[in-house]
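Chemist: First the structure, then my questions, so here it is.
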Amino acid sequence: MLKIIRFILGYLIVSLNGVFRPKKLRRSVDEQTRVDKDCESLELYQFYLCPFCVRVRRHMYRLNLTIVTRDAKRDEVHRATLLKEGGRVKVPCLKIQKDGDVEWLYESKAINRYLDHRFS
Ligand SMILES: N[C@@H](CCC(=O)N[C@@H](CS)C(=O)NCC(=O)O)C(=O)O
């Protein structure tokens, strides 16, 4: 029963998010190209219907960030990667690759703060 309620709520949040889109940040072409390049080193591990993941995807939209999303719910490979390398299957989780190092950042608010700090 709880699963059904979560599923319905998830769909409701995803649908509302589709209708009420935040305003998208606009950049110059050069600046956007630089940001797009930077985003290639990021991956968001997520569940499509998770409200905390919607929070992060919404923020990505607001900041006009093209970050690859990895479905850790249905894709066994991504799920296993998140567990093995991140330490737990909890979403959202942002994989950050920088100078040969990899960081796994959990918690939607912390992820949004990180994106703000780096891109806004
Ligand atoms: N406080 C966390 C909550 C994240 C959370 O509860 N995610 C759920 C999906 S909606 C999850 O990953 N559950 C799996 C688990 O905790 O094992 C955040 O804001 O990111």
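The values are calculated or read from the model by the stated rules, or taken from the named source; none is laboratory data. Just so it is clear, the model here is predicted, and its values are computed rather than measured. Cβ coordinates were reconstructed from backbone atoms using ideal geometry, including for glycine residues, and neighbour counts include every protein chain displayed.
Chemist: Looking for something more than 16 Å from the ligand (Cβ to nearest atom), free of Cβ contacts under 8 Å to residues at least 12 places away in the same chain and closer than 13 Å to SER120 by Cα - is there at least one such residue anywhere in the range 18-32?
Modeler: Yes, there is a match, as at least one residue in the range 18-32 is more than 16 Å from the ligand (Cβ to nearest atom), free of Cβ contacts under 8 Å to residues at least 12 places away in the same chain and closer than 13 Å to SER120 by Cα.
Chemist: A follow-up question, please. Taking only pairs six or more apart or across chains, which ones have beta-carbon atoms under 9 Å, a first residue in the range 86-102 that is within 13 Å of GLU40 (Cα to Cα), and a second residue that is of a type in the set (Phe, Trp, Tyr) and within 15 Å of the ligand (Cβ to nearest atom)?
Modeler: LEU94/TYR45; LEU94/TRP104; LEU94/TYR106; LEU94/TYR114; LYS95/TYR45; LYS95/TRP104; ILE96/TRP104; ILE96/TYR114
Residues checked against (1) farther than 17 Å from LYS73 by Cβ; (2) part of a loop (DSSP other than H, G, I, E, B):
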position	(1), (2)
TYR11	no, no
ASN17	yes, no
GLU31	yes, no
LEU49	no, yes
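Chemist: Which residue out of GLU103, GLU43, GLU85 is among the acidic types (Asp, Glu) and assigned to a helix (DSSP H, G or I)?
Modeler: So the residue among GLU103, GLU43, GLU85 that is among the acidic types (Asp, Glu) and assigned to a helix (DSSP H, G or I) is GLU85.
Chemist: Inside the range 1-22, can you point out the residues that are charged (D, E, K, R) and either under 11 Å from ARG58 (Cα atoms) or in contact with a helix residue (DSSP H, G or I) (Cβ under 6 Å, 6 or more places away or on another chain) (or both)?
Modeler: The one that is charged (D, E, K, R) and either under 11 Å from ARG58 (Cα atoms) or in contact with a helix residue (DSSP H, G or I) (Cβ under 6 Å, 6 or more places away or on another chain) (or both): ARG21.
Chemist: Could you figure out which of (1) within 16 Å of the ligand (Cβ to nearest atom); (2) modelled with pLDDT under 95; (3) in contact with a Leu (Cβ under 8 Å, 6 or more places away or on another chain) isn't true of TRP104?
Modeler: (2)
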